[in-house]
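Here the structure comes first, spelled out in structure tokens, and everything after it is commentary.
No value in this document is a laboratory result; all are computed from the given coordinates. Just so it is clear, the model here is predicted, and its values are computed rather than measured. Please note: Cβ atoms are built from the backbone with ideal geometry, for glycine as well, and neighbour counts cover all protein chains shown.
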Amino acid sequence: MTTHMRNLLDRLKAGDVIVGDGAWGTLLMARGLKPGEPPETVNLTRSEVLEEIARQYLDAGAEIVTTNTFGGSPARLRQYGLDGQTEAVNRAAVEAVRRAVGDRAYVSASVGPCGHLLKPYGDADPADIAAGFERQIRALGASGVDLICIETMTDLTEAALAVRAARAAAPDVPVMATMTFDKTCRGFFTVMGVSIEQAVRGLTEAGADILGSNCGNGIEIMIDIARQFRACSDRPIAIQSNAGLPEQRGAALVYPEEPDFMAAKAATLLELGVSLIGGCCGTSPEHIRALRRVVDQRTTVL
Amino acid sequence: MTVLTEIAESLQRGEDDRVGHLVRDAIEQQVPALDILNNALLAGMSVIGEQFRLREIFLPDVLLAARAMYAGLDLLKPLLARDGVPRAGRVVLGSVQGDLHDIGKNLVGIMLEGAGFEVIDLGSDVPAKRFVDAAEAHGASVIGVSALLTTTMPVMKAVVELVRARGLNGRLSVIVGGAPVSDAWAREIGADGYGYDAANAVERVRALVK
């Protein structure tokens, strides 16, 4: 780890803006991942593909590159009979990204939802789910990551379990937690009914260093979401937006938001004080290159 | 407060055990099963549906209310069948092949049952053939197909094509829904309808079975 990398949180708090990477799923599918096949199988069978994607994002200007471990919790892997290989799945993903980026980018360990509703709304026992997150994050932490990225959460209880698991299993690694909000007639809520204010309170109490939102319905809505985060939190804010919602164009499904469109809106996000900016579903290295340009222009002006 | 109002209000609070007890009481008091269904369970779910539409409540509250509804409905089903009570219609429901996301589909199932339909839920990861086989076996008039991932959406088209290939179109409608699905996509693949959310899906199914 180089000196500048040790200070991810210090850099954010000092006002630096850091560019993350974009979607992995679409790039994996372009390289042969079949519909319905769990993306994490690639970690064990074709890790060179992960290196290739990580390099593309690095070359596009990302300073944070994410591991292919969104579904790497044992609860999620169990759906494919892979939970026995939790450690191997997570370790292989970190090692592949590290091989590709070396110390030129932070390696961010993706941790997604467990895929089950917690009791009393579903059948998942919170203690089991917490233990599963700890197991996944211990494997990620032991492989040498720079950030734990808990993302696409909609249930605050589950998100907080994951943040606490990160604090326990990888105590020296900064934790970012982002949730997915919908615009409703009463304002922004996750599908489970969590408001931005509640998210800020719950995630901060659980120990998250960086808060924000990912996925969602396009970058314009993220501007309103970021504004609300800023109004109720002084922690660094992360925004990783989808390139809109997919639309039918002839035979193909296309994410509608082009790199230049997202970059123009990203300028507003930076004005609002968002300090970690990247992409989610439908974004590509081209989107990240456009975001990089906006961030660099801002730095030049300052 | 009548027992029916009491059931409806208890259902809205998500009290599944209590709804079960109260429905049993009502049955013992010789309240007709159809009365309990319409004026207690469906009346309660209708309030839940409206509150959800206005986002006065959220998914967790709907799930708890639904559990209470099923606690009552399970007791009523044999009686409704015995009395030969006609239901609003029969719908086969599932998430398409390779899709393990089923919260949206479950919500549609809950709202359909709450509107008086019989729902045959095939769960998630359902291939096209199973949708159509089940619809034929159960004499359903509507198939509801849900997808949350763009990669699984082509299965919806396969369902529509299979319904046509078996000459069932006209008697068996296909309605589609899910986050990446749109009205344009539904038209493109020749589906009979698109529900943009659970409440809207119920409206569309109602229109299709008329």
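Looking across B:Asp83, B:Asp61, one residue alone is touching a residue at least 40 places away in the same chain (Cβ under 8 Å), touching a Leu at 6+ places or on another chain (Cβ under 8 Å) and among the acidic types (Asp, Glu). It is B:Asp83. Screening A:Gly61 with (1) in contact with a helix residue (DSSP H, G or I) (Cβ under 8 Å, 6 or more places away or on another chain); (2) surrounded by fewer than 21 Cβ atoms within 10 Å (Cβ to Cβ); (3) at negative phi gives one miss only, at (3). Reported count of residues in the range B:130-155, each being under 18 Å from the mean Cα position of the chain (by Cα) and closer than 26 Å to A:Val254 by Cα, is 5. For the range A:225-259, filtering for residues that are under 25 Å from B:Leu148 (Cα atoms), among the small types (Gly, Ala, Ser) and assigned to a loop (DSSP other than H, G, I, E, B) leaves 4. Of all residues in the range A:176-193, those satisfying the criterion of being surrounded by 24 or more Cβ atoms within 10 Å (Cβ to Cβ) and hydrophobic (A, V, I, L, M, F, W, C) are A:Met176, A:Ala177, A:Met179, A:Phe181.
Restricted to the range A:21-31, and to residues there that are out of contact with any helix residue (DSSP H, G or I) (no Cβ under 8 Å at 6 or more places or on another chain) and touching a residue at least 12 places away in the same chain (Cβ under 8 Å), the residue that is surrounded by the most Cβ atoms within 10 Å (Cβ to Cβ) is A:Ala23. Looking only at the range B:178-210, residues that are on the phi > 0 side of the Ramachandran plot and surrounded by 22 or more Cβ atoms within 10 Å (Cβ to Cβ) come to 1 in all.
Identify all residues within the range A:235-249 that are surrounded by 24 or more Cβ atoms within 10 Å (Cβ to Cβ), aliphatic (A, V, I, L, M) and within 14 Å of chain B (Cβ to nearest Cβ); write none if there are none. If the condition is that a residue be surrounded by 24 or more Cβ atoms within 10 Å (Cβ to Cβ), aliphatic (A, V, I, L, M) and within 14 Å of chain B (Cβ to nearest Cβ), then A:Ala243 is the only one that fits. A single entry from A:Gly36, A:Gly72 fulfils the requirement of being closer than 17 Å to A:Gly144 by Cα, assigned to a loop (DSSP other than H, G, I, E, B) and in contact with a Ser or Thr (Cβ under 8 Å, 6 or more places away or on another chain): A:Gly72.
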